Amino acid sequence: MTAIAVEKLSKTFGRVKALNGIDLSIDEGEMVALIGASGSGKSTLMRHIAGLERGDAGASHVRILGETQQKGGKIGSKARELRSQIGVISQQFNLVNRLPVMINVLVGILGRIPRWRGTLGIFTEAEKRKAIEALGRVGIPKTAWQRASTLSGGQQQRAAIARVLMQRSKILLADEPIASLDPASARRVMDVLADINSREKMTILVSLHQVEYARVYCPRTIALRDGKVVYDGPSKALSNDFLTELYGSASEELVLPADLPVESAKRRRDKPAKTIEPNLGALEPA
Ligand SMILES: Nc1ncnc2c1ncn2[C@@H]1O[C@H](COP(=O)(O)OP(=O)(O)OP(=O)(O)O)[C@@H](O)[C@H]1O
């Protein structure tokens, strides 16, 4: 089934045409990179797919899992329901710093439990166990009772991914998830995304500045320039020469990190990731 289908989507902010007739289709279970220089429209496209923004009036149509999310600049009647099928992570992590990691992860189920329970922060033992499992899945089960603010950037991003796992959404939109991370943390986050994609079959669209990560982790890349799709195809076909030609002077924005050990990252991706089993007894609050 098609997870994300975008037709003729345009978005104008004042005089800026942020999106200019975008057409794309992503099947369920794909992991696709979205690349482009700063200002090319990546975040704007993500926000439209997430249902957070309406496109210009016209012939546009955005469908999520076969259902209309917006059409001709109007939000569809199923949009709210569809929103729960889309998990979003971003460069900013969006965790509540003063709360324990566990509570931040449990926020992922708020859409599925009675509102009063969410408001009072009352979660069942089974829900808490699931949250710890999700933290185990992203490799940081022992951080469950730490304040979110005490985690490193890479750990915070993995906690944000655990929250999406709790949400049980079918699609994950990751808007520059590794932009503020050092290379080692960035690789760990990308490993986790690749693992979730292969094991949960979660559809992932991940925007990246660093083309090398797209090459290593995503079989397919969609490239934007000035709000238009200028490339949609296999990531391995994206040579530096091709990108320099495609982007001209803007290709400097797509710097390839020299220190990404491509081969070892590939080996890691091919190898099934280890799940760290949580030690529940050791994780009770002090
Ligand atoms: N809310 C807004 N109001 C006005 N202009 C906007 C708004 N959001 C985006 N834009 C403009 O739309 C264009 C695309 O922006 P967008 O943030 O989508 O690019 P991007 O590819 O995600 O860039 P970056 O890699 O720097 O995050 C830019 O020219 C930006 O200034």
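Values quoted throughout were computed directly from the atomic coordinates according to the rules given, and no laboratory measurement underlies them. All values derive from a computational prediction rather than experimental measurement. Every residue, glycine as well, gets a Cβ built from its backbone with ideal geometry; the counts of neighbours run over all protein chains shown.
Numbers at a glance
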| quantity | calculated |
| --- | --- |
| Breaking point among (1) under 21 Å from Lys130 (Cβ atoms); (2) of a type in the set (Asp, Glu); (3) in contact (Cβ under 8 Å) with a residue 40 or more places away in the chain, for Glu200 | (3) |
| Index of the failed condition, Ser180 passing every other in (1) more than 16 Å from the ligand (Cβ to nearest atom); (2) more than 14 Å from the chain's Cα centre (by Cα); (3) of a type in the set (Ser, Thr, Tyr) | (1) |
| Single condition Arg54 does not satisfy, out of (1) touching a strand residue (DSSP E or B) at 6+ places or on another chain (Cβ under 8 Å); (2) touching a residue at least 40 places away in the same chain (Cβ under 8 Å); (3) within 16 Å of the ligand (Cβ to nearest atom) | (2) |
| Test: residue in the stretch 191-204 that is within 23 Å of Glu28 (Cα to Cα), within 15 Å of the ligand (Cβ to nearest atom) and assigned to a strand (DSSP E or B) | no |
| Unmet requirement for Gly139, which otherwise passes all of (1) more than 16 Å from the ligand (Cβ to nearest atom); (2) assigned to a helix (DSSP H, G or I); (3) under 18 Å from the mean Cα position of the chain (by Cα) | (2) |
| Residues located in the stretch 3-38, provided they are over 19 Å from Tyr247 (Cβ atoms), touching a helix residue (DSSP H, G or I) at 6+ places or on another chain (Cβ under 9 Å) and within 12 Å of the ligand (Cβ to nearest atom) | Lys11, Phe13 |
| Only listed residue being buried (at least 17 other Cβ atoms within 10 Å of the Cβ) and more than 12 Å from the ligand (Cβ to nearest atom), chosen from Thr44, Thr68 | Thr68 |
| Every residue from the stretch 83-120 that is over 16 Å from the mean Cα position of the chain (by Cα) and more than 15 Å from Arg147 (Cβ to Cβ) | Ile109, Leu110, Gly111, Arg112, Ile113, Pro114, Arg115, Trp116, Arg117, Gly118, Thr119, Leu120 |
| Selection from the stretch 19-36 of residues that are small (Gly, Ala, Ser), surrounded by fewer than 22 Cβ atoms within 10 Å (Cβ to Cβ) and over 27 Å from Glu200 (Cα atoms) | Gly21 |
| Some residue of the stretch 214-221 being assigned to a helix (DSSP H, G or I), within 16 Å of the ligand (Cβ to nearest atom) and surrounded by 24 or more Cβ atoms within 10 Å (Cβ to Cβ) | yes |
| The stretch 145-180, residues that are at positive phi and basic (Lys, Arg) | Arg168 |
